[in-house]
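The values are calculated or read from the model by the stated rules, or taken from the named source; none is laboratory data. Since the model is a prediction, treat every value here as computed from it, not as a measurement. With ideal geometry, Cβ positions are generated from the backbone for all residues, glycine too; neighbour counts draw on all protein chains shown.
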Amino acid sequence: MPRILVVEDSASMRAFVRAALEEEGGRDALEVVEAPNGFDALRLLPRGDYALVITDINMPDINGLELVQFIRRSERHQHTPVLLISTRASERDRARGLELGADAFLEKPFTASAVRDAARSLLAPHAAGAGVRG
């Protein structure tokens, strides 16, 4: 069962993303782990393997861009796909996130099907046993 870490300071947005991902159901069910901030994400990452990290950019203390940098420097998680989500949709923010190593960017507000489709496309290489990054 693929495990996904959702890092978002808004409880309602975490619940929305969780519900969207868990709606997949069936034999391809996903395990969603939630972190309300970057500090909690940094505590959770060493405790397990994740098939995908979905993180907001704008969070207090450790933001999503800083979290992406940590993930890409981590020997254990450097190949884990990262989906950035944010209301900041400027081309500069999107480019910065992708430059730091995020695999995709989703602008808020988004639909449940959009987050499911993005997750599915990022999980596909992982499920096939291939790393997303070389």
Inset, instruction - Select from region 55-95 the residues that are touching a Ser or Thr at 6+ places or on another chain (Cβ under 7 Å) and part of a loop (DSSP other than H, G, I, E, B) and write down the one among them that is modelled with the lowest pLDDT. - result: Asn58
Legend entry - Inter-residue pairs, beta-carbon under 6 Å, first closer than 13 Å to Leu84 by Cβ and in region 108-124, second at pLDDT below 95 and assigned to a loop (DSSP other than H, G, I, E, B), 6+ apart: Lys108/Thr87
Legend entry - Extreme residue, modelled with the highest pLDDT, among residues of region 38-54 that are assigned to a loop (DSSP other than H, G, I, E, B) and among the small types (Gly, Ala, Ser): Ala51
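Let's see how each residue does on (1) surrounded by fewer than 22 Cβ atoms within 10 Å (Cβ to Cβ); (2) among the polar types (S, T, N, Q):
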| residue | (1), (2) |
| --- | --- |
| Glu8 | no, no |
| Ala15 | yes, no |
| Glu23 | yes, no |
| Asn37 | yes, yes |
| Leu44 | yes, no |
| Asp49 | yes, no |
| Leu52 | no, no |
| Ile57 | no, no |
| Arg72 | yes, no |
Inset, instruction - Go over the candidates Leu123, Leu98 one by one and state the one that is more than 20 Å from Pro2 (Cα to Cα) and modelled with pLDDT under 95. - result: Leu98
Legend entry - Candidate set: region 73-85, residues that are touching a helix residue (DSSP H, G or I) at 6+ places or on another chain (Cβ under 7 Å) and not hydroxyl-bearing (Ser, Thr, Tyr); chosen: the one nearest to Ala118 (Cα to Cα): Leu83
Inset, instruction - Only residues in region 80-99 that are within 15 Å of Met59 (Cβ to Cβ) count as the first member; pair them with residues that are at pLDDT below 80 and surrounded by 15 or more Cβ atoms within 10 Å (Cβ to Cβ), Cβ under 7 angstrom, at least 6 apart or cross-chain, and list the lot. - result: Ser86/Asp93
